[in-house]
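What follows is a set of notes on a single structure, which appears directly below.
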Amino acid sequence: MDKLLEQIKKGTVWAFPGGIHPPQQKSLSNSASITRLPLPDKLIVALKQHIGANGKLLVEKGQYVLKGQPLTEPAANWSVPVHAPSSGVVTDIAPMPSAHPSALPELSVIIEPDGKDEWVALNKNKNPAELSHDELINIIHQAGISGMGGAGFPTYVKADTKQPIEFLIVNAVECEPYITADDVLMREHAKEVIQGIEIMQQLLNPTLCIVGIEDNKPEAIAAMKQAAEHNSKIIIQTVPTIYPSGGEKQLIKLLTNREVPSIGIPADIGILVHNTGTLFAVQQAVYEGKPLIERIVTVTGNTIHKPGNVWALLGTEIKHLLDCQGFSPVPQQSVVMGGPMMGFTLPTVRIGIVKTTNCILAPDHKELAEPGPEKACIRCSACADACPASLLPQQLQWFAKSKEYDKLQEHNLFDCIECGACAYVCPSEIPLVQYYRIAKVEIKEQQADKIKADRAKERFDARKERLEREQEERQNRHKRKPAAKSADEKQKVAEALARVKNKSDNGDEKSAVAAAIARAKAKKQQGEELEPDNSEVAKERALRKEQARKYKEQKSQTDESAETAPVDDKKSAVAAAIARAKAKKAAQALDNAEQATNEEPQSAAPVDDKKAAVAAAIARAKAKKAAKALEEAEQTVSEAPQSDTPADDKKAAVAAAIARAKAKKAAKALEEAEQTVSEAPQTDAPVDDKKAAVAAAIARAKAKKAAKALEEAEQATSEEPQSDTPVDDKKAAVAAAIARAKAKKAAKALEDTEQTQPQELQVDSAAPKSAESNTDDSSVLINADKPKSADDKKKAAVAAAIARAKAKKLQKEGNNQS
Amino acid sequence: MKLTMASSPHNHSHKSLTRLMLSVIAACIPGLIAQVFFFGTGVLIQLVLALVAVSVFEAAIMLIRKRPVWPALSDGSAWLTAVLLALSIPPLAPWWIIVIGCLFSIVIVKQLYGGLGFNLFNPAMAAYVLLLVSFPVQMTAWLPVTDLINTPIGFADQLRLIFTDFTASGFSLDQVRAGVDGLTMATPLDTVKTDIAHGLTVTESMQKPIFNEWAGLGWAWVNLGFLAGGLYLLKAKIINWHIPVSFIVTLAVCSAIGYIASPGTEPGTLFHLLSGATMMGAFFIATDPVSAATTNKGRLIYGALIGLLIYLIRTFGGFPDAIAFSVLLINIAVPLIDYYTQPRTYGHGAVK
């Protein structure tokens, strides 16, 4: 380290590979002193003249602004303001062609100077050493200073670098041919530049400041050396004239023998580079309080009458510069902003100069070589010999032409600084830099696309995973729930059984209570408690997703229990036929259901002559007009006892008919249902005096194809009683036919329900005793039944039809009818 | 005002392909003069023949390829090939030898591979090898220096020999080649090789009249002529020093080692450097940019490999000279050499 410092102080300059010696052409413009242009008619101040975000507009159209008044304020990261270059009126704020190779329109403030050139109040600082770090940074930031060498990097960001800076390098090399802006600046304003350097020293506290100047500027070197005499930490280093020694990386190599890492910035190796012009602007901002509103521009080329350097206000149209210096265009004139190596041609001269505009070059056809046709590459590698980054331009060119982006990156395309040395020396006149620029853009686009695609894939994968997870969860839920529920229900069933047993012990042994509980939309809990034996059914039921459906089944099962309850060993037989029609074609379904209920009693009747055969036809129509339907259903239920009592004087035959019509045409359907229910007892009565034959036909049609399902259900119910009755002539034979038509698998469902019947029969004996206590809600009905049970101790068959409805008129009607 | 737009850089070094090629051709002149001086004007006839032939073939193939003729022809690369080929073949070889050579080099080796810049092999050397393998008799029928020829022949006779195989007085090429002692004379390289094979020492072999004290009569001067031209190319920065230097140094070192190891059967460094096509190979053949290595490190390896191969073939191989074979063989290795000799790019792995 000390050795390096020693070497630098001794004046050692290292070399970078490659480099070229294009004709200098500097004497064209560096002999005269800097002149000041007359005020232009119009100033086009682009809001963005640097790398980073635009500032926020502070002015409006029509507003009068003073010279140096900020037009924007910093809004985001790396955002620096622009200022009014002269006093005048903002005539427009509109997108204007920008100082960029594309000349793409950039939002600009257009000011018409009033000619007074009146400054805003300037905040001068005589002694910047008294200012704090943050104050200085703020001044530099608010003055709108950005790198004036070319890239336009916001200077306040660099000046506020947190990394330790060992060497502050001042780039006064100006290696591009023709340009002499920094040269004349140093000649005339060396003191100010040194003051700018000292401000940077104050901010960054570097070990050493090295000013690199090419040896073709002896006057500038002398002036700078003189101005820096008092400061031992500033070294004016003369570097050989070789293009591109003014490239930041090349200059660092030249002055310190260090290399900026490929993916890195100079600050990473303790170095910071500032342009001479930038430091002058810093000095102006700090000492004079002047924001960056003007700069030196070299106007040169053989078509310019008075080539030289001018102080130009930012936003001055290039045309104004050319006109003021005298300009005789040649055919196919080109105007270059910047130097001949890295500058770009302009599509129009109606573009305002910006903070980075150091030169306007208007050459004729002799001084700069006319580009010839591109010829075949002979792999002479003159380009590689000229490349200051030690790239292999020739190989890069082949890869760029064949779009081998991987190879391009492997050959470090992105380390190309686009200095143009390769293209300059190419004997085949291949526009190498152009190929690299295109390739770089394409690679960047490709990378952007790849990032996009990766994100999309990520999102897609995440979504897929989520869907799979959800599906799995759903499946798990289905698996778990039935098990839990069945366990739960088993317990409940056991409890119910226990209760029933207790009650049967307590109560009258022979009393048979037939309770037909028709619940309309009752609470689920209660319904479940009432279920004596339905675990099997419950399991099936649990499989249903919709609670409504589940609930309906529960209701039907309570019906079954109610139906089975009245079944006494000797006495009453209750036939409950529950027909559910859930179809949309409820009308048709109901018709079928009615027929079923009609048929069942008739078939059951002949079986039993002593005991009452109760055929309960429960037709459920689940309609939207359920309320109305239920009222009617209640009526029918309440009517049933009345019809039952006369039918059987000794044995009560209770027919509980619960007809639910859920159809839209429920009214009509229910009427018919009622009729069937009322008919049923009449036919039942004569049938059985001793043994009750209970035919329970539960036909459930839950399908949309209810019609078909119901037909099957009917068949089942009609067949079962017939088969059941012969089995038991004394004891009650309970035939419970539960026909379930589950929409799609109706046939199978029916088989299942048939299997459950034996179980129901087993608990039948116990059921009647519990019927009374369980049917609290339907006390009215039970009251009606009780006398009958008293009358006949042995053969009493009580048919209790408990219909619960949510309708408020249920009880009232029930009372009336009882 | 309409402005012309262009991509940077807006200036150019004024180097051009044509100028480059013509400079190389110009650099051949010293060698050519030496060849004419020592071996007669036949080489000029061959040169004209070759230039006409390549122009015709290049134009024809460009027409067939539906490409503009003049830009291809005017880049001078075909003419350079013609010059190198004409300087490589025996001056009095029949006319069809050079024509076949030109046809092969331009049409097959260069244009069928895609034209200038795309050929894997040095066109002149590929053609030379084709001719040598196909027509060994004609391709080895070198004349001794004019002084040693029994009956010196004039320009007209040489012309007749090239086109009709006989001089005006009815002598065939073989008769013309017979020396004063009536024996057909081979090139110095060939002579030494044959003599060593016959058990003679190098010293004994070099007692023969075709030799001066260090190398073959005339051949040494031809080589020095090419060396001069090569130095001009280096000076004019048309070629880089890497290939010729590594080429010559390797050949010199190898032959020196050989001479030290076996002085009786090894002709020594100077003989190797000034015999055959050594200098032409080092400065004009191996440096052909299209088929040579392109990185500086790679060029050093490339040149060294050629030098080594030349020594090995000359000493142990079946052919007296080995420039063409060595160059072609190492041409094949160029992509590999280039790949593994990429320079360290700025900012990559630098020592801090």
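Give the order of B:S16, A:S132, A:S108 when sorted by the count of other beta carbons within 10 angstrom, beginning with the fewest.
A:S132, B:S16, A:S108
Roughly how compact is region A:35-113, stated as its Cα Rg over 2.2 N^0.38 Å to two decimals?
1.06
How much length is gained on full extension from A:R459 to A:D134, taking 0.36 nm per residue of separation minus their Cα-Cα distance?
Result: 112.6 nm gained on full extension.
What number, in percent, do you get for the relative contact order of region B:186-341 if the mean sequence gap of Cα pairs under 8 Å and at least 6 apart is divided by its residue count?
It comes to 26 percent, rounded to a whole number.
Quick check: pseudo-label points 7 Å beyond the Cα along Cα→Cβ at B:V69 and A:F414, how many nm apart are they?
Going from the B:V69 label point to the A:F414 one covers 5.0 nm.
Which entries in A:K10/A:K217; A:K158/A:K319; A:K191/A:K290 show an alpha-carbon gap greater than 23 Å? Walk me through the numbers on the way to the answer.
Numbers: A:K10/A:K217 20 Å; A:K158/A:K319 33 Å; A:K191/A:K290 17 Å.
Checking Cα-Cα distances, A:K158/A:K319 exceed 23 Å.
In what order do B:W70, B:W79, A:W78 fall by count of nearby beta-carbon atoms within 10 Å, going from fewest to most?
In increasing order of surrounding Cβ atoms, one gets B:W70, A:W78, B:W79.
Picking from B:S77, B:S291, B:S13, which is most flexible by a Gaussian network model of chain B using Cα springs under 10 Å?
B:S13
What is the calculated FRET efficiency for B:S134 to B:Q207, with r their C-beta to C-beta distance and R₀ = 30 Å, to the nearest 0.05?
E(calc), rounded to 0.05, equals 0.30.
From other protein chains only, count the Cβ atoms within 10 Å of every residue's Cβ in A:338-347, then give the mean.
Across A:338-347, the average partner-chain Cβ count within 10 Å equals 4.
What's the exposure ranking of A:E174, A:E106, going from fewest to most Cβ atoms within 10 Å?
With the sparsest Cβ surroundings first, the list reads A:E106, A:E174.
So, in Å, what gap is there between the alpha-carbon centers of region A:417-437 and region B:100-120?
27
Given Cα pairs under 8 Å that are at least 6 residues apart, what percent is the relative contact order of chain B?
Details: 535 pairs, mean separation 61.9, N = 352.
Reported relative contact order: 18 percent.
Contact order normalised by length for region A:294-361, with contacts defined as Cα pairs under 8 Å and 6 or more residues apart; what percent is it?
40
Label-point separation (nm) for B:T164 and A:K450, each offset 7 Å from Cα along Cα-to-Cβ?
7.2
For chain B, modelled as a Gaussian network with Cα springs under 10 Å, which listed residue fluctuates most, B:V133, B:V327, B:V83?
Among B:V133, B:V327, B:V83, the largest GNM mean-square fluctuation belongs to B:V133.
Where does chain B land at 222 nm, in deg cm²/dmol rounded to the nearest 500, when only DSSP H runs of n ≥ 4 count, each adding -39500 (n - 2.57), divided by all residues? Spell out each step's value before the answer.
On the way: 17 runs with 199 residues, N = 352.
The helix-only estimate for chain B comes to -17500 deg cm²/dmol at 222 nm.
Which net charge results when you count Lys and Arg as +1 and Asp and Glu as -1 among the other residues whose beta-carbon is under 12 Å from that of B:G115?
Value of the local net charge: +2.
Roughly how crowded by other chains is peptide A:379-390, in terms of the mean Cβ count from those chains within 10 Å of each of its Cβ atoms? Working shown, then result.
Values: counts 11, 13, 10, 7, 1, 6, 3, 1, 3, 1, 5, 9.
Per residue, the average neighbour count from other chains is 6.
Over all pairs of distinct alpha carbons, what does the Kirkwood formula give as the hydrodynamic radius of region B:186-341, in Å?
15.7
Applying the Karplus parametrisation 6.51 cos²θ - 1.76 cosθ + 1.60 with θ = phi - 60° to the phi angles of region A:44-59, what ³J(HN,Hα) value in whole Hz is obtained for each residue in order, glycine and proline being reported as x?
With coefficients 6.51, -1.76 and 1.60, one gets 10, 9, 5, 5, 10, 10, 8, 7, x, 7, 5, x, 8, 4, 10, 10 Hz.
If you take the square roots of the eigenvalues of the alpha-carbon gyration tensor of chain B and sort them as a ≥ b ≥ c, do you get rounded (a/c under 1.5), prolate (a/b over b/c) or oblate?
oblate
Please give the length that would be gained between B:T4 and B:F118 if that part of the chain were fully extended, namely 0.36 nm times their separation in residues minus their C-alpha to C-alpha distance (nm, one decimal). Present the calculation step by step, with values, prior to reporting the outcome.
Working: separation 114, 0.36 × 114 = 41.04 nm, distance 3.28 nm.
Roughly 37.8 nm would be gained on extension.
To the nearest whole number, what is the average tally of beta carbon atoms from other chains within 10 Å of the beta carbons of peptide A:246-257? Working shown, then result.
Numbers: counts 0, 1, 0, 2, 1, 0, 2, 3, 0, 0, 0, 3.
Across the residues of A:246-257, the mean count of other-chain Cβ atoms within 10 Å is 1.
So for region A:233-305, considering every pair of alpha-carbon atoms, how many percent are separated by more than 14 Å?
73
For the pair A:T241 and B:V48, how long in nm is the line joining their label points, each one 7 Å along Cα→Cβ?
5.0
Every read-out reported here was derived from the displayed coordinates using simple, explicitly stated rules and does not represent laboratory data. Everything numeric in this text was worked out from a predicted model, so none of it was measured. No Cβ is skipped: glycine too gets one built from the backbone with ideal geometry, and neighbour counts run over all protein chains shown.
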